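The values are calculated or read from the model by the stated rules, or taken from the named source; none is laboratory data. Computed from a predicted model, the values in this text were never measured in an experiment. Virtual Cβ from ideal backbone geometry, glycine too; neighbours counted across all protein chains shown. Just so you know, the surface numbers come from the protein's heavy atoms only, side chains and all, with ligands and any DNA or RNA stripped out. Shrake-Rupley method; radii C 1.70, N 1.55, O 1.52, S 1.80 Å.
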Amino acid sequence: MKVRKAVIPAAGMGTRFLPVTKAVPKELLPLVDRAAMQYVVEEAAAAGIEEVIVVTARGKEALADYFDKHAELESLLAARGDNDRLAQVRRTSELVQMEYVRQPEQLGLGHAVACAARVVGSEPFAVILPDDIIAAEPGALTQLLEVFERYGSSVIAVEEVDGPAIQSYGVIDPEPVSDGVYRVRGTVEKPALADAPSNLGIVGRYVLTPQIFDALAEVKEGAIGELQLTDGLAILLKDQDIYALRFQGTRYDVGNPMGLLRASVEMALRREDTGPAFEEFLRRLLA
Ligand code: UTP
């Protein structure tokens with residue numbers, strides 16, 4: 001079955017970016033000249049997703065403005081003959097159809113995904129976390145969808161994490177099935193290093209069957225504190241297979257200032273328009 005919809009949970013408070021996130025959603029912080037969020041919406045569009053459902057919250061209305069058509073600005077750029085900028089501005093509103101649902105209280109990632117249940121309906125869908133920007137060709141979601149088509153079950157993205165860093169991830173207990181693909185035997189959220197069942201940590205791309213919503217509803221009843229998506233996956237696993245893919249590509253965690261800086265520098269160096277001059281600047285700075 002074709003996966004047509006992707007949910008992007010973006011209702012978090014972004015406390016690691018305070019004070020800027022008092023007024024600006026962290027998803028709109030720029031990497032060179034584009035909002036971080038645009039990179040993941042582009043990844044969704046490239047994977048053939050037709051509709052992106054953003055889970056948003058009070059104070060984050062600018063997210064919808066960013067992806068909306070701005071007729072006045074377009075007219076101005078057209079009148080000036082600034083066709084490059086006009087194309088860039090148009091692109092943000094033409095990537096894919098966008099929908100917005102609100103998460104009234106920040107009760108966790110699992111709760112945010114559950115807020116999209118009505119708009120997703122009873123079809124498989126993708127979840128993309130905007131904090132994880134993945135440079136890959138083909139895109140990470142495209143790679144996951146290929147595994148989903150092969151096995152017809154939910155697929156989650158994992159990457160190898162060395163040393164104590166694994167303690168801040170959801171970790172899978174993997175049974176290898178083919179190159180880079182594992183059947184998930186279980187998941188553990190933020191294990192102690194000695195208890196981690198593998199070095200494969202879950203990162204922000206998922207393709208899920210709609211039964212995840214029933215699983216999340218079940219978690220909700222017993223949940224203390226935040227409702228985690230990983231807890232929903234553990235319940236889903238009792239009824240359905242879940243696969244994991246060690247995707248090819250480089251992931252940047254732009255959910256914290258250091259990660260955003262790293263991603264900004266690498267992207268500025270990689271781009272044709274900024275790369276040469278920026279590299280020259282860095283060389284001089286470090287000399
Ligand atoms: P994080 O754990 O990074 O939380 O959420 P956060 O609020 O975004 O950032 P910090 O930790 O305070 O700095 C992971 C993802 O889940 C979404 C976030 O928007 C982010 O994409 N999320 C989290 C929600 O949509 N709702 C929630 O209640 C919690």
Which count do you get for residues in region 91-113 that are open to solvent by 90 Å² or more (accessible area, probe 1.4 Å), more than 16 Å from the ligand (Cβ to nearest atom) and touching a residue at least 40 places away in the same chain (Cβ under 8 Å)? 1
Residue match in region 132-151 (condition: of a type in the set (S, T, Y), touching a residue at least 24 places away in the same chain (Cβ under 8 Å) and surrounded by 18 or more Cβ atoms within 10 Å (Cβ to Cβ)): no
Those residues of region 181-205 which are among the small types (G, A, S) and within 25 Å of G255 (Cβ to Cβ), in sequence order: A192, A196, S198, G201, G204
For the subset of region 196-224 comprising residues that are modelled with pLDDT under 95 and either open to solvent by 70 Å² or more (accessible area, probe 1.4 Å) or among the acidic types (D, E) (or both), which member is farthest from the chain's Cα centre (by Cα)? E221
In region 225-258, which residues are within 16 Å of the ligand (Cβ to nearest atom) and free of Cβ contacts under 8 Å to residues at least 24 places away in the same chain? M258
Just to be sure, is V265 open to solvent by less than 80 Å² (accessible area, probe 1.4 Å), under 27 Å from Q106 (Cα atoms) and at pLDDT 95 or above? no
Does region 193-202 contain any residue that is within 15 Å of the ligand (Cβ to nearest atom) and closer than 17 Å to A112 by Cβ? yes
